[in-house]
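*Asks:* Could you have a look at this structure, given as structure tokens, before my questions?
The values are calculated or read from the model by the stated rules, or taken from the named source; none is laboratory data. Given the structure is predicted, the values throughout are model-derived calculations rather than measurements. As a convention, Cβ positions derive from the backbone with ideal geometry for all residues, glycine included, and neighbour counts pool all protein chains shown. Ligands, DNA and RNA are excluded from the accessible area calculation, which covers all protein heavy atoms including side chains. Shrake-Rupley method; radii C 1.70, N 1.55, O 1.52, S 1.80 Å.
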Amino acid sequence: MAIRDNFSYTDMEEWLDAKRVTEIECLVPDLTGVARGKILPRVKFTDDRGMRLPEVVLGMTVTGNTPERDAAYERAISSIDRDMILKADPTTITMVPWAVDPTAQVIHDCYYADGRLVDFAPRSVLRRVLKLYEQRGWKPVVAPELEFYLTAKNIDPDLPLAAPIGRSGRAETSRQVYSIDAVNEFDPLFEDIYDYCEMMNLDVDTLIHEIGAGQMEINFQHGEPLGLADKVFYFKRTLREAALKHDMYATFMAKPMAGEPGSAMHVHQSVVDAASGKNVFSDDDGSPSTLFQQYIGGLQRYMPSAMAIVAPYVNSYRRIVRETAAPINLQWGIDNRTVGFRVPVSGSQDRRIENRVIGADANPYLALAVTLACGYLGMTEALEPSAMVEGNAYDMPVELPQGLSEAITLLRREDRLRDVLGERFIDVYTAVKELEHREFMQVISPWEREHLLLHV
């Protein structure tokens, strides 16, 4: 399910001609999910067939800084600041709907001069995991559900965010979960979003209003993981641009507003046999298979060590709190939204597992890579899950890391995830996250000034 299936370089050039494209945004998703790259004139893009960027571009914090005096990071990223060679993936070519002049955008893969993929690039990490499935004769299928908030414009980061003003001239002040009228408050924005997504072949499905004030969710149709990661990457960029056009912000922060639920990226996932197309989570009689049980066992065993990837910022852990519509543990259950791993009611061919732990702030390539890696390890190591939970899992103990520092430590220690995701990726990623945590710890919050300044 690429944006343009089986597109070759020749197809891409003909498509660019037909669209009369004059500029091309050459994009690379970095570890944070930010779009890095260059804007090239059409002629230069066609003549060069690629571009170059320093490899350190893939090893920066969300603030644009790089780790210093970290031995593992320095082994992974050359101290001479060498270039990567970037090659366009023609299947990702699409228009930039908000651009004034005819402009296209295309995602690039990163290579070294000797032709090897840069192994810590997010797309490379996901490709590595998918290759493991391919070697077993399996094909994973995913369907992301992405939550986000619309907020009023806020140019002062010291001030709390507020719900945006809708067509009625008023902001939301009460819970409007699944309200059609609340969605229609922002109908002009969502008309633009659907138009943009149709122009870009993003295959978005259902739009709903979530629990929080101004909180929405968009669902993607199920498909192949790399193509879906590309679409989520594009959608985040598209939504932010559309919101700015309508004088508001769109944010995928995991917990942007105090007193409101956080935002998740729930990922439905199943595995089919590549030869037959049969869902390996179901036996011939329609009952849950051993591989289904083992996949859940893998999620339960390895997801705590993966939290630094699926909850990548300090803010991410403000979402993982009891009774706030987010899981706090590793339990699983059928049609149970209080657990970390929910199994929707479905037919045997549609049997799937919904990972509800992942935050909306996660890099989609890395989030899909690591949740599939956990399930893969469960199946290949024959891991058994715990007993299914039928009651409220919020009444059970917390089993997930409660902060970024703890999560980084767990990720560094987990050799099996290091094997599956790649040692250099783990070294670069954890060094970057450790620096982000140190940067955050240097900031004094309003809570500290309010409660500690005159009382301790």
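*Asks:* So, with a 1.4 angstrom probe, what is the percent of accessible area on segment 107-176 that is carbon and sulfur?
*Replies:* Numbers: 1790 of 3590 Å².
Ligands and nucleic acids excluded, carbon and sulfur reach 50 percent.
*Asks:* Same structure again: Just to verify a number: FRET efficiency for A258 and T10, C-beta to C-beta distance, R0 = 56 Å, to 0.05?
*Replies:* Numbers: r = 53 Å, r/R0 = 0.95.
E(calc), rounded to 0.05, equals 0.60.
*Asks:* Ignoring any ligand, DNA or RNA, what whole percent of the accessible area of segment 178-325 comes from carbon and sulfur when the probe is 1.4 angstrom?
*Replies:* On the way: 2590 of 5190 Å².
Roughly 50 percent, rounded to a whole number.
*Asks:* If you don't mind, there's one more thing I want to ask. Give the relative contact order (percent, whole number) for the chain; include only Cα pairs under 8 Å separated by 6+ residues. Walk me through the numbers on the way to the answer.
*Replies:* Numbers: 912 pairs, mean separation 78.1, N = 456.
Relative contact order comes out at 17 percent.
*Asks:* Next question. Find the relative contact order for segment 183-285 and round it to a whole percent, using C-alpha pairs within less than 8 Å whose residues are 6+ positions apart. Before the final figure, lay out the partial values.
*Replies:* Numbers: 80 pairs, mean separation 18.2, N = 103.
Relative contact order of segment 183-285: 18 percent.
*Asks:* How many Å² of accessible area per residue for segment 194-314, probe 1.4 Å?
*Replies:* Working: 3840 Å² over 121 residues.
Value for segment 194-314: 32 Å² per residue.
*Asks:* Can you give the FRET efficiency for R20 and M388, using 1/(1 + (r/R0)^6), R0 = 60 Å, r = Cβ-Cβ distance, to the nearest 0.05? Could the numbers behind the result be given before it?
*Replies:* Numbers: r = 57 Å, r/R0 = 0.94.
About 0.60, to the nearest 0.05.
*Asks:* Based on alpha-carbon atoms only, what is the radius of gyration of segment 56-208 relative to the globular estimate 2.2 N^0.38 Å? Don't skip to the answer; put the middle values down first.
*Replies:* Numbers: Rg = 21.3 Å, N = 153, 2.2 N^0.38 = 14.9 Å.
Cα Rg divided by the expected 2.2 N^0.38 Å: 1.43.
*Asks:* Let me ask another. Give, rounded to the nearest 20 debye, the magnitude of the charge dipole that the chain has about its Cα centre when Lys and Arg contribute +1 at Cβ and Asp and Glu contribute -1 at Cβ. Provide the component values of the computation, followed by the final result.
*Replies:* Values: 48 positive and 68 negative charges, 142 e Å.
Magnitude of the dipole: close to 680 debye.
*Asks:* What ³J(HN,Hα) values, in whole Hz, does the Karplus curve 6.51 cos²θ - 1.76 cosθ + 1.60 give for segment 180-187 when θ = phi - 60°, with x put for Gly and Pro?
*Replies:* So the Karplus estimates, Gly and Pro as x, are 5, 5, 5, 5, 5, 4, 10, 4 Hz.
*Asks:* Show me, for segment 111-116, the HN-Hα J-couplings you get by feeding each phi into the Karplus relation (A = 6.51, B = -1.76, C = 1.60, θ = phi - 60°), rounded to Hz, glycine and proline as x.
*Replies:* Karplus values, whole Hz, x for Gly and Pro: 10, 7, 4, 8, x, 6.
*Asks:* While we're on this one: Please return the longest stretch of the chain lacking exposed loop sites, where GluC sites (Glu not before Pro) count only if DSSP places them in a loop and at most 11 other Cβ atoms lie within 10 Å.
*Replies:* Values: sites that count: E68, E323, E390.
The reported range is 69-322.
*Asks:* Rounded, prolate or oblate: which one fits segment 49-100, using the alpha carbon gyration tensor with axes a ≥ b ≥ c (rounded when a/c is under 1.5, else prolate when a/b beats b/c, else oblate)? Present the calculation step by step, with values, prior to reporting the outcome.
*Replies:* Values: a/c = 3.33, a/b = 1.94, b/c = 1.72.
Since a/c reaches 1.5 and a/b is larger than b/c, the shape of segment 49-100 is classed as prolate.
*Asks:* Give me the dipole magnitude in Debye, nearest 20, for segment 7-78 about the Cα centre, with unit charges on the beta carbon: positive for Lys and Arg, negative for Asp and Glu. Don't skip to the end; give the middle numbers.
*Replies:* Values: 10 positive and 13 negative charges, 26 e Å.
In total the dipole reaches around 120 debye.
*Asks:* Could you tell me how far the Cα centroid of segment 32-52 sits from the Cα centroid of segment 416-456, in Å?
*Replies:* With segment 416-456 and segment 32-52 each reduced to a Cα centre, they are spaced 32 Å.
*Asks:* Under a straight-distance cross-link criterion of Cα-Cα below 30 Å, which lysines are reachable from K139, leaving out those fewer than 8 residues away in the same chain?
*Replies:* K87, K131, K231, K236, K278
*Asks:* Sticking with this one: Helix-only mean residue ellipticity at 222 nm, the chain, DSSP H runs n ≥ 4 weighted -39,500 (n - 2.57), per residue, nearest 500. What is it? Write down the numbers at each step before the final one.
*Replies:* Values: 13 runs with 159 residues, N = 456.
Result for the chain: -11000 deg cm²/dmol, rounded to the nearest 500.
*Asks:* Would you kindly state how much longer the chain becomes between E74 and K153 on full extension, computed as 0.36 nm times their sequence separation minus their alpha carbon distance, in nm to one decimal? Provide the component values of the computation, followed by the final result.
*Replies:* Values: separation 79, 0.36 × 79 = 28.44 nm, distance 3.95 nm.
So the extension gain works out to 24.5 nm.
*Asks:* At each listed q (0.08, 0.11, 0.13, 0.14 Å⁻¹), what is the log10 of I(q)/I(0) that the Debye formula gives for the chain modelled as equal alpha-carbon point scatterers?
*Replies:* Rounded to two decimals, the profile gives -0.46, -0.92, -1.30, -1.50.
*Asks:* Can I ask one more? Exactly which trypsin sites (Lys or Arg not before Pro) in segment 346-432 are in a DSSP loop and have at most 15 other Cβ atoms within 10 Å? Display every interim value, and only then the final one.
*Replies:* Details: sites: R351, R352, R356, R412, R413, R416, R418, R424; in loops: R351, R352, R356.
Here no loop site has a sparse enough neighbourhood.
*Asks:* Okay, moving on. Charges only on Cβ, +1 for Lys and Arg, -1 for Asp and Glu: so what's the dipole of segment 100-199 about the Cα centre, in debye to the nearest 20?
*Replies:* Working: 11 positive and 17 negative charges, 141 e Å.
About 680 debye.
*Asks:* Related question: What ranking, highest mean first, results for peptides 148-156, 105-113 when packing means the other Cβ atoms within 10 Å averaged over each residue?
*Replies:* Details: 148-156: 17.0, 105-113: 19.8.
Highest mean packing first, the order is 105-113, 148-156.
*Asks:* Right, another one. Compute the accessible area per residue over segment 1-115, keeping the other protein chains in place, probe 1.4 Å, unit Å².
*Replies:* Values: 5500 Å² over 115 residues.
I get 48 Å² per residue for this part.
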